[in-house]
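Let me begin by presenting the structure, written as structure tokens, before commenting on it.
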Amino acid sequence: MDHGDRTEFRTQFVREPSALRHYPALVLNADFRPLSYYPLSLWPWQEAIKAVCLDRVIILAEYDEVVRSQREAIRIPSVVVLKEFVRPQKRVAFTRFNLFLRDEFCCQYCGSKGDLTFDHVVPRSRGGITSWENVVAACAPCNLRKANKPLKDSGLHLRKPARQPTAEEMHAVGRRFPPGHLHESWMDFLYWDAELEA
């Protein structure tokens, strides 16, 4: 799967507001780490400029593009850092995007990366609940094949057990699935604390 296909595939799951398509600002916490990697913490340019005017952030990098008000011209921020530290959430919300991210956007039965939906390992018709421990990403063919059968009767096997991820695990996976738009000014801030390979 080439980079373009990966990007198109990923954006099926991230419904970006149209404002993020042009000049999004990477938002860093006061410790200079992104507020979130899953999805990456981005603000529309309008929100970034508003935060600058309210003295809530410091601009670290800018786009070449300028917006003008009646009194001044302002270069659009590409990286901003919060002046006050925001404590990261420890609990990972159980959302469709986070489920797909936990499972690295691939079917947990066959490993394919297209046509994803989700599947209850223990079917709801057999008492299975909708939870981190019972729902996995699945491609449509595997989902149809499994239907409402117990896993052992379906001929399918899970690639890894379904479980609730930690925030740290989601950060690690989120780094491997950056958004389609990565401005060059973001790179130092996204990967500066990554472990170096020997």
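The values are calculated or read from the model by the stated rules, or taken from the named source; none is laboratory data. These figures come from a predicted structure and were not determined experimentally. Ideal geometry is used to build each Cβ from the backbone, glycine not excepted, and the neighbour counts take in all protein chains shown. Only protein heavy atoms, including side chains, enter the accessible area calculation; ligands, DNA and RNA are left aside. Shrake-Rupley method; radii C 1.70, N 1.55, O 1.52, S 1.80 Å.
When segment 115-151 is filtered for residues that are of a type in the set (Phe, Trp, Tyr) and in a loop (DSSP other than H, G, I, E, B), only Trp132 remains.
Each row is one residue, and each column tells you yes or no for (1) open to solvent by 60 Å² or more (accessible area, probe 1.4 Å); (2) within 25 Å of Arg33 (Cβ to Cβ); (3) at pLDDT below 95.
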| residue | (1), (2), (3) |
| --- | --- |
| Gln89 | yes, yes, yes |
| Val92 | no, yes, yes |
| Leu101 | no, yes, yes |
| Cys107 | no, no, no |
| Val122 | yes, no, no |
| Arg126 | yes, no, yes |
| Val135 | no, no, no |
| Leu156 | no, no, no |
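Inclusion of Phe9 among residues that are part of a helix (DSSP H, G or I), open to solvent by less than 90 Å² (accessible area, probe 1.4 Å) and at pLDDT 90 or above is not warranted. The set of residues in segment 91-114 being closer than 17 Å to Asn143 by Cβ and assigned to a loop (DSSP other than H, G, I, E, B) consists of Asp103, Phe105, Cys106, Cys107, Gln108, Tyr109, Cys110, Gly111, Ser112, Lys113, Gly114. Considered as a group, the residues in segment 20-72 that are of a type in the set (D, E, K, R) and under 16 Å from Asp188 (Cβ atoms) include one that is most open to solvent (accessible area, probe 1.4 Å), and that residue is Arg33. I'd like the residue in segment 158-198 that is among the charged types (D, E, K, R) and at pLDDT 75 or above and, out of all such residues, is surrounded by the fewest Cβ atoms within 10 Å (Cβ to Cβ). Applying the filter and picking the extreme gives Glu184.
Among the residues of segment 141-158 satisfying the criterion of being of a type in the set (S, T, N, Q) and in contact with a helix residue (DSSP H, G or I) (Cβ under 9 Å, 6 or more places away or on another chain), which is nearest to Gly127 (Cα to Cα)? Among those residues, the one meeting the criterion is Asn148.
One residue stands out among those in segment 36-90 that are in contact (Cβ under 8 Å) with a residue 40 or more places away in the chain and among the aromatic types (Phe, Trp, Tyr): the one that is nearest to Arg102 (Cα to Cα), which is Tyr38.
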